[in-house]
1. If I ask for residues that are in contact (Cβ under 8 Å) with a residue 12 or more places away in the chain, in contact with a strand residue (DSSP E or B) (Cβ under 8 Å, 6 or more places away or on another chain), of a type outside the set (D, E, K, R) and surrounded by 10 or more Cβ atoms within 10 Å (Cβ to Cβ), which ones from the range 20-40 would you list?
2. Looking only at the range 50-62, decide whether some residue is loosely packed, with under 13 Cβ neighbours inside 10 Å and either charged (D, E, K, R) or under 18 Å from the mean Cα position of the chain (by Cα) (or both).
3. Among the numbered criteria (1) farther than 27 Å from ALA104 by Cα; (2) of a type outside the set (Gly, Ala, Ser); (3) modelled with pLDDT of 95 or more, which single criterion is violated by ARG24?
Amino acid sequence: MLDKLIHKCPTCDGVGSLVAFINRGSDIATHSLEDIVCSTCGGEGRISDKRAMRISIGKAHRDIRVARCQSLLEAAREQGMGPAELSACEHGRGPDDWYRAVEASFPASPVFSGA
């Protein structure tokens with residue numbers, strides 16, 4: 001079953017694209033600003049309930065980690081994963097079981113309870 005695309009994408013603000021600085025090497029004359037497709041929504045400008053919840057949980061996890069003065073590397077090692085994998089989770093791109101585990105760790109939080 002497909003999730004409904006009902007939330008405005010928080011990355012591109014519903015536009016579907018972003019302006020990116022493209023560095024093409026040492027010659028500054030070759031650099032440019034270009035529109036790129038938003039990787040969060042795939043250019044749709046909208047995201048599903050599931051994706052919105054994953055982004056929310058990931059952001060809350062990052063906020064808690066930062067409040068604890070814990071680096072991405074430290075937290076990743078603690079969770080038995082690499083920093084790139086944890087970063088992906090904190091940006092809403094991780095596996096389902098990671099989000100379930102985080103929700104179970106903080107059941108009283110309104111972010112995790114859906115309140």
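1. ALA20, ILE22, ILE36, VAL37, CYS38, THR40
2. The answer is no; no qualifying residue exists.
3. ARG24 satisfies every listed condition except (3).
The values are calculated or read from the model by the stated rules, or taken from the named source; none is laboratory data. All values reported here derive from a predicted model rather than from experimental measurement. Here Cβ is always computed from backbone atoms with ideal geometry, including for glycine, and neighbour counts include all displayed protein chains.
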